[in-house]
Amino acid sequence: MSNIPTELKYTKTDEWVLLGEDGVATVGITDFAQQQLGDMVYVELPEAGATIDAESECGVVESVKTASDLYMPVAGEITAANALLADQPEKINADPYGDGWIYKFRPADAGDLDTLLDAAAYQSKLDADDH
Amino acid sequence: MLIFEQSRPGRKNRAQLSSQADSAGPVADRLPARLVRRRRLRWPEVSEGQVVRHYTRLSQQNFSIDTHFYPLGSCTMKHNPRASNKLAMLPGFLARHPLAPEPMSQGFMACLYDLQEILKAVTGMEAISLTPAAGAQGEFAGMAMIKAYHESRGDSARTEVLAPDAAHGTNPASAVMCGYRIREIPTRADGDIDFDALQQAIGPQTAGLMLTNPSTLGVFERDIEKIATMVHEAGGLLYYDGANLNAILGKVRPGDMGFDVIHINLHKTFSTPHGGGGPGAGPVGVAARLAPFLPVPVVAKQGDSYAWMTETELPQSIGRLSAFMGNAGVLLRAYVYARMIGREGLERIADYSVLNANYLMARLKKEGFDIAFSDRRATHEFILTLKRQAKELGVNAMDFAKRLLDYGMHAPTTYFPLLVPECLLIEPTETEDKQTLDRFVEAMCSILQEAQRNPDYVKAAPHTLPVKRLDDVRAARQPDLAWSADRDS
């Protein structure tokens with residue numbers, strides 16, 4: 001079973017989002033996603049300062065099985081990327097919701113985050129895909 | 001052991017050394033001093049016998065269509081008839097210099113011209129260029145022609161190319177190489193493209209749609225005519241990825257389905273030897289309105305003789321993709337194959353490749369394996385999902401694939417398409433007999449029993465091969481690609 005923390009928001013493309021008190025959101029891929037992709041070997045991070053539209057590609061995670069695009073959950077500006085992943089992409093496997101975070105961004109409109117899935121809705125999406 | 005590691009300074013087989021050798025002294029003595037290397041060339045110093053043994057041993061370690069059943073989905077690993085090889089290796093072809101003038105190349109050019117005509121007939125396209133040297137280069141050429149077509153009409157607002165989420169990875173890559181943005185279209189649960197999502201995505205920004213039909217899910221896209229109409233009404237072009245052409249040879253033609261541009265993988269469908277990345281040939285075919293943009297050279301027939309069409313005759317061409325005529329030897333082999341098989345033969349290939357896939361699918365289903373689209377008829381390939389086994393036994397698709405090697409069979413394609421978890425994409429091709437297919441089913445059943453009794457044994461496979469389970473992560477992150485005398489060992 002995969003771990004789906006209740007305090008996070010989720011995308012249909014298996015990213016998680018956590019909005020901090022400073023108005024900056026942190027993004028990573030879910031435990032389910034890292035299990036499906038398998039051992040990570042490379043991460044292409046977005047660049048700080050880039051402004052990216054909702055649901056546009058903003059990076060790539062590459063595992064032994066496949067390369068998979070990362071999508072921007074809602075529109076916003078990238079403020080930071082997890083430099084640790086350049087040498088240790090396996091952090092995404094080991095700790096997807098912690099050290100394995102991928103980038104931070106400032107949403108153009110924090111209200112947009114309400115359109116994302118909550119933990120229950122993400123769980124139902126996984127269950128639905130299972131059948 | 002690498003041949004470099006077998007090297008000893010000065011080693012020669014003196015007993016068999018030619019009496020002529022070195023009689024004129026080292027070649028270096030006869031060269032101007034400024035051209036002579038100062039440092040020794042670091043080539044392995046080994047005897048002729050060592051070289052022969054080394055490479056023979058390596059070839060024996062190889063998995064190939066000549067030694068093993070090779071059901072690698074979407075790769076069409078069929079037997080390569082030796083006749084194609086033999087005729088393409090006639091001295092006249094082998095010795096022809098690529099810069100030989102047209103009057104000295106008429107035989108070669110006649111073969112290429114006939115191959116263009118055959119491919120036109122097989123695919124229902126109006127014009128063909130044989131020059132792309134691989135499927136991916138064919139795709140690139142196809143997308144470049146789509147771009148050139150729109151631009152020639154001043155239609156510069158088309159910035160987006162659509163591709164289903166089941167597409168080969170090269171499809172979006174080719175579109176991006178041509179400067180397009182890719183938009184992914186989801187697939188429905190029945191394996192067809194999500195028509196409603198496609199309808200929503202399509203618009204004045206659409207340059208084209210890239211489709212593989214039959215799709216990578218091993219089913220025939222039933223809405224193809226509706227899709228073609230919709231794309232054309234929006235001013236877009238329809239691109240056909242020829243990866244799965246084997247299934248429909250002589251049955252239905254991409255041109256008749258409404259495709260504007262296609263590429264054909266001769267190394268798959270027309271059975272030229274391939275594997276390990278080449279050599280390929282990915283000719284492109286186009287509808288009449290795209291013919292001016294074909295990559296050059298193309299062979300034209302003028303009266304009784306043949307001539308190269310280059311940038312002079314096709315000024316709107318997207319240009320050249322290689323110095324000469326692509327992989328000429330592969331083209332010749334495909335030509336011989338097509339002539340040998342004939343019109344009826346091509347249809348027989350479709351019949352048997354589809355029959356073999358469906359037989360294998362039905363037998364595996366009966367043995368309790370889960371088929372991804374089990375209520376659809378398979379085309380020339382089908383998808384088996386080991387999701388249930390992975391969950392219940394902890395043995396996944398990769399473990400089955402590795403263990404199949406121990407049973408003397410090349411693994412099917414694993415983890416592609418990405419839509420189906422723990423999948424094997426299985427393409428037996430038309431050249432395998434029933435006994436071979438039955439042996440594959442037996443191997444799968446036997447591996448399943450092993451997985452139930454002793455999952456760790458399957459997870460550690462292969463056990464009988466020269467190379468055991470590889471560390472994929474280390475291979476990707478710390479690739480060891482070049483030998484160096486200085487490296488730590």
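Look at (1) within 14 Å of another protein chain (Cβ to nearest Cβ); (2) buried (at least 22 other Cβ atoms within 10 Å of the Cβ) and you find that A:Phe32 fails only one, number (2).
Checking the structure you have, find out if any residue of the range B:411-431 is surrounded by 21 or more Cβ atoms within 10 Å (Cβ to Cβ), within 14 Å of chain A (Cβ to nearest Cβ) and more than 18 Å from B:Cys75 (Cβ to Cβ). There is at least one residue in the range B:411-431 that is surrounded by 21 or more Cβ atoms within 10 Å (Cβ to Cβ), within 14 Å of chain A (Cβ to nearest Cβ) and more than 18 Å from B:Cys75 (Cβ to Cβ).
When we screen B:Leu290, B:Leu314 for residues that are in a loop (DSSP other than H, G, I, E, B), touching a strand residue (DSSP E or B) at 6+ places or on another chain (Cβ under 7 Å) and aliphatic (A, V, I, L, M), the only hit is B:Leu314. Looking across the range B:149-182, the residues that are small (Gly, Ala, Ser) and buried (at least 19 other Cβ atoms within 10 Å of the Cβ) come down to B:Ala163, B:Ala166, B:Ala167, B:Ser174, B:Ala175. Of the residues making up the range B:337-350, just one is among the acidic types (Asp, Glu) and surrounded by 14 or more Cβ atoms within 10 Å (Cβ to Cβ), namely B:Glu347. Of all the criteria given as (1) in contact with a Leu (Cβ under 6 Å, 6 or more places away or on another chain); (2) within 14 Å of chain A (Cβ to nearest Cβ), the one not satisfied by B:Ala451 is (2).
Of the strands (runs of 3 or more DSSP E) that lie entirely inside the range B:134-224, those containing 1 or more residues that are in contact with a Phe, Trp or Tyr (Cβ under 8 Å, 6 or more places away or on another chain) and aliphatic (A, V, I, L, M) span B:160-164, B:206-212. Counting only helices (runs of 4 or more DSSP H) wholly contained in the range B:323-440, the ones carrying 1 or more residues that are among the polar types (S, T, N, Q) and at pLDDT 95 or above occupy B:328-366, B:387-393.
Just one of the numbered conditions (1) under 17 Å from B:Met340 (Cβ atoms); (2) loosely packed, with under 13 Cβ neighbours inside 10 Å; (3) β-branched (Val, Ile, Thr) is not true of B:Thr56: (1).
The set of residues in the range A:53-69 that are at the interface with another protein chain (Cβ under 10 Å from one of its Cβ atoms), β-branched (Val, Ile, Thr) and under 19 Å from B:Ala167 (Cβ atoms) contains only A:Thr66.
Just to be sure before I move on: is B:Ile426 in contact with a Pro (Cβ under 8 Å, 6 or more places away or on another chain) and closer than 26 Å to A:Leu126 by Cα in the structure I sent? Don't jump to the end; show me each part of the working.
Values: in contact with a Pro (Cβ under 8 Å, 6 or more places away or on another chain): yes; closer than 26 Å to A:Leu126 by Cα: no.
No; evaluated as a whole, the condition is false for this residue.
When B:Leu437, B:Leu393, B:Leu425, B:Leu364 are checked against the criterion of being in contact (Cβ under 8 Å) with a residue 60 or more places away in the chain, within 22 Å of the chain's Cα centre (by Cα) and at negative phi, B:Leu425 stands alone in meeting it. For B:Val473, the conditions (1) within 14 Å of another protein chain (Cβ to nearest Cβ); (2) under 17 Å from B:Phe382 (Cα atoms); (3) over 23 Å from the mean Cα position of the chain (by Cα); (4) in a helix (DSSP H, G or I) all hold with the exception of (2). Quick check: anything in the range B:284-292 assigned by TED's automatic domain parsing to the domain that holds B:Arg222, more than 20 Å from B:Thr76 (Cα to Cα), modelled with pLDDT under 95 and not hydrophobic (A, V, I, L, M, F, W, C)? Scanning the range B:284-292, I find no residue that is assigned by TED's automatic domain parsing to the domain that holds B:Arg222, more than 20 Å from B:Thr76 (Cα to Cα), modelled with pLDDT under 95 and not hydrophobic (A, V, I, L, M, F, W, C), so the answer is no.
The single residue among B:Lys468, B:Lys459 that is touching a helix residue (DSSP H, G or I) at 6+ places or on another chain (Cβ under 7 Å) and either assigned by TED's automatic domain parsing to the domain that holds B:Asp399 or surrounded by 15 or more Cβ atoms within 10 Å (Cβ to Cβ) (or both) turns out to be B:Lys459.
All conditions but one from (1) closer than 18 Å to A:Ala83 by Cβ; (2) at pLDDT 95 or above; (3) over 11 Å from the mean Cα position of the chain (by Cα) apply to A:Pro5; the one that does not is (1).
Name the residues in the range A:70-102 that are among the acidic types (Asp, Glu) and either under 13 Å from the mean Cα position of the chain (by Cα) or within 14 Å of another protein chain (Cβ to nearest Cβ) (or both), would you?
A:Asp87, A:Glu90, A:Asp95, A:Asp99
The values are calculated or read from the model by the stated rules, or taken from the named source; none is laboratory data. These numbers come from a predicted model, not from an experiment. Cβ sites come from the backbone with ideal geometry, for glycine too, and all protein chains shown count toward neighbours.
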